[in-house]
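First up is the structure itself, then whatever we jot down about it.
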Amino acid sequence: MRNPRRLALPGRTVRLRFTALYGALFLLSGVGLLAVTNLLALGSSRVTVGAPNQPVQQSTLAAAQEHIRLLQAQLSEVHTDQSRQLLIGSVLALALMAVVSVVLGRVVAGRVLRPLRTITAATRRISADNLHERLAVPGPADEVKDLADTIDGLLERLEGSFAAQRRFVANASHELRTPLATMRASLDVAVAKPDPVPAQTLALADRLRTELDQVDRLLEGFLTLARTQHGALSDRATISLGRVVSAALDARAADITDRNLTVDDGEVHDAAWTQGSRTLLSRLVDNVIDNAITHNHDGGWIRVAATADDATARLIVETGGEVLDQEQLARLAQPFQRLGADRTGSDTGSGLGLSIVAAIATAHGGSLDLDARREGGLRVAISLPLAAVQAGVPA
């Protein structure tokens with residue numbers, strides 16, 4: 001099922017917060033500097049005129065006082081002009097300082113966050129297919145370097161874990177199939193003896209073969225699921241979903257006839273091309289078609305569509321039946337989950353079919369959607385990246 005990714009609001013980024021912080025610090029520093037400059041200028045411009053120390057004549061004193069008043073008026077006018085000019089200059093300087101503070105704050109914030117952006121980009125680039133890559137961030141032994149080294153250690157542990165899982169899948173494929181083959185051979189030997197074999201023994205042998213077939217299918221599904229989730233895609237090719245669907249329907253024509261099912265494949269087009277593992281994509285289509293045949297009523301119907309738009313190739317398979325619970329459908333994409341016999345009257349299957357489909361779709365950059373039809377039945381929709389088709393490319 002789709003899991004929408006939560007988008008971070010662009011107005012609440014760390015760089016914006018750092019820019020506001022550094023800009024405010026630079027601006028406060030500028031305000032403080034201008035305030036000190038203005039206080040010193042105002043203090044130094046004050047002039048105090050004292051009385052003369054020696055007695056002088058009355059006429060001379062009056063003339064001197066008048067001259068002093070004139071000088072004080074002129075000085076006061078000059079001081080007012082200087083204060084006005086200083087205030088205007090301070091406002092202009094403060095406005096310029098605000099702009100410079102924001103620019104410097106953004107530059108400094110970008111400089112501080114550059115290693116984190118490098119770490120984020122490298123971490124997004126690393127996936128299960130290239131766990132051998134490391135961040136290897138250069139620089140002094142600070143908090144950023146410690147974070148990068150911690151992520152490198154985590155990647156190293158993940159690489160070891162994935163390698164161990166791949167080895168387990170490879171070994172299990174051989175170790176688990178060997179006893180199954182031995183059991184089949186033992187049954188064949190017991191039944192093929194020249195002496196008459198009791199009917200109960202033959203019935204028991206047939207039942208054991210049926211159970212062995214079920215175990216073999218379960219093992220094959222488990223190994224396919226493990227390879228898809230923990231292994232690299234092999235035999236990559238450009239594949240037509242429409243042709244794979246047609247081949248799957250042709251191969252199951254007998255099963256469709258036995259259950260008297262009606263198949264509508266009128267929307268299976270040759271334009272739905274995608275790129276990936278031919279084996280896994282064929283298994284994806286087979287599982288969806290098998291699910292539609294197995295979990296269906298006798299005399300029911302199947303509608304299949306393989307279409308494409310500008311960027312997506314889609315495979316849609318719909319079946320009729322009972323009305324299903326949408327909340328319960330979500331767990332069908334998990335391993336060993338089934339809705340039970342009350343869904344279609346059938347309790348066959350290992351519970352791995354749709355979980356394998358989901359894993360294969362995810363490994364190819366696609367998705368699986370399960371929807372309960374309002375009229376009853378199930379709608380399985382698979383979306384895969386659309387591949388460009390070149391002339392002469394086989395399906």
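Against the numbered list (1) in contact (Cβ under 8 Å) with a residue 24 or more places away in the chain; (2) over 16 Å from D369 (Cβ atoms); (3) hydroxyl-bearing (S, T, Y), T312 comes up short only at (2).
Every condition in (1) outside any helix (DSSP H, G or I); (2) assigned by TED's automatic domain parsing to the domain that holds A24 is met by P194 except one, and the failing one is (2). Inside segment 97-130, residues that are touching a Gly at 6+ places or on another chain (Cβ under 9 Å) and farther than 30 Å from A35 by Cβ make up a count of 3. Kindly evaluate A98 against the criterion of being more than 35 Å from the chain's Cα centre (by Cα), of a type in the set (G, A, S) and modelled with pLDDT of 80 or more. It is false that A98 is more than 35 Å from the chain's Cα centre (by Cα), of a type in the set (G, A, S) and modelled with pLDDT of 80 or more.
Could you grab me the full set of residues in segment 76-91 that are under 21 Å from L25 (Cβ atoms) and either loosely packed, with under 13 Cβ neighbours inside 10 Å or in contact with a Cys (Cβ under 9 Å, 6 or more places away or on another chain) (or both)? Listed by number, the list holds a single entry, V91.
Only residues that are more than 56 Å from the chain's Cα centre (by Cα) and at pLDDT 80 or above were counted in segment 182-200, giving 5. Against the numbered list (1) surrounded by 14 or more Cβ atoms within 10 Å (Cβ to Cβ); (2) not in a helix (DSSP H, G or I), L180 comes up short only at (2). Listed by first and then second residue, the pairs with beta-carbon distance under 6 Å, at least 6 apart or on different chains, first residue in segment 75-103 and of a type in the set (V, I, T), second in a helix (DSSP H, G or I), are V102/G23.
The single condition among (1) without any contact (Cβ under 8 Å) to a residue 24 or more places away in the chain; (2) crowded, with 18+ Cβ neighbours inside 10 Å that Q275 does not meet is (1). Please tell me if A292 is in contact (Cβ under 8 Å) with a residue 12 or more places away in the chain and under 25 Å from the mean Cα position of the chain (by Cα). So A292 does not fit the description; no.
Look at R157 and say whether it is out of contact with any Pro (no Cβ under 8 Å at 6 or more places or on another chain) and modelled with pLDDT of 80 or more. The answer is yes for R157.
The values are calculated or read from the model by the stated rules, or taken from the named source; none is laboratory data. What you see is a predicted model, and the numbers here were worked out from it, not measured in a lab. All Cβ positions, even for glycine, are placed from backbone atoms using ideal geometry, and neighbour counts span all protein chains on display.
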